[in-house]
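Visitor: Quick one: this structure, given as structure tokens, is what I'll be asking you about.
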Amino acid sequence: MFETSLTEDSKMQIVDAQVHAWSNGESTGHHRRTPITAEVLDSEMQQAGVDRVVLVPPLWDPQGNAYSLALAQAQPQRFAVMGLLDVPPEDAAQRMRTWCDQPGMRGIRFLFNTKERLAPLTDGRYEALWPVLEEMAMPTALLVPNALEQAAKIAQNHPNLPLVVDHLGVPRGASGPGAFEHLPALLALARYPNISVKAVGVGDYALDPFPFHSLTETLRRVVDAFGAHRVIWGSDLSRLHHSYRQCVTHFSEHLSWLAPEDVERIMGGNLLRLLQWGT
């Protein structure tokens, strides 16, 4: 139900599944301090050869979803938004009824990457929300490292809800061999056909330089488990320690075992389908 096929005459588009754009506010953690404004992003996309971007508003932007939505409304063929929830969990179900009335909004992303952010999920405060999202077939991204069993629970209970597990489930700040200690738990999620995985900025998990040969076997196991139709590429541009262009070509040119049609799916086709973002 969630698989797609590509025609021979379809044109490959490179679509980035995750970029934080903001014009003011101080970034946190390992993200760049200089804002990624519309002008900065336009320049970076041209240099890297990226056609479209899904904007994920960062928590540090005092405007919330507004800046990303403004970019998407100005250039709807280049930008779309997977926004952050802007009401308490108990009010989320009602909020979702009008979520996509906001032009440019095509999905939602939840951050469960700290104990404090995870607690409302494990406490059941989102239980009324998942059936609503399932009814709407809302593309829903989950940043849920160290708690992948929660993604499995949601997927099992709501099989028609399209879910995306962010960052291949890698814990915050992890790199080197320890970054994928959770790989068996991630691959186990492949049994749920409504789960896709987002391979975002994976080069930053490697200790070796571009083209990150240390990641090849892990990425191959992920693609083998989920199928190329459920793997989505992205950059997380603001935290890259290598160039945007290298992030693109890592998947498009250096994973030689991927068939051309699989590259096309991973680098954009899957995301366009998931978000119903017309070509």
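Read-outs: derived from the displayed coordinates by stated rules, not from any lab. This is a predicted model, so every value here is computed, not measured. Cβ atoms come from the backbone with ideal geometry, glycine included; neighbour counts cover every protein chain shown.
Visitor: State the Cα centre-to-centre distance between segment 239-278 and segment 197-225 in whole Å.
Guide: The two parts, judged by their Cα centres, are 12 Å apart.
Visitor: Add -39500 (n - 2.57) for each DSSP H run of 4 or more in the chain, then divide by its residues: what number comes out at 222 nm, to the nearest 500 deg cm²/dmol? Don't skip to the answer; put the middle values down first.
Guide: Working: 11 runs with 88 residues, N = 279.
Calculated at 222 nm, the ellipticity per residue is -8500 deg cm²/dmol.
Visitor: How high is the relative contact order of the chain, in percent, counting Cα pairs under 8 Å that sit 6 or more residues apart?
Guide: On the way: 488 pairs, mean separation 55.4, N = 279.
Reported as a whole number, the value is 20 percent.
Visitor: Hey, another quick one. Give the long-range amide H neighbours of A199: residues separated by 5 or more places, or on another chain, with amide H under 5 Å away, using H modelled in the peptide plane at 1.01 Å from N.
Guide: I232, W233, G234
Visitor: Then there's this: Could you give the dipole magnitude of segment 15-275 about its Cα centre, charging the beta-carbon of Lys and Arg +1 and that of Asp and Glu -1, in debye to the nearest 20? Write out the running numbers ahead of the final one.
Guide: Numbers: 22 positive and 28 negative charges, 30 e Å.
With only Lys, Arg, Asp and Glu charged at Cβ, the dipole is about 140 debye.
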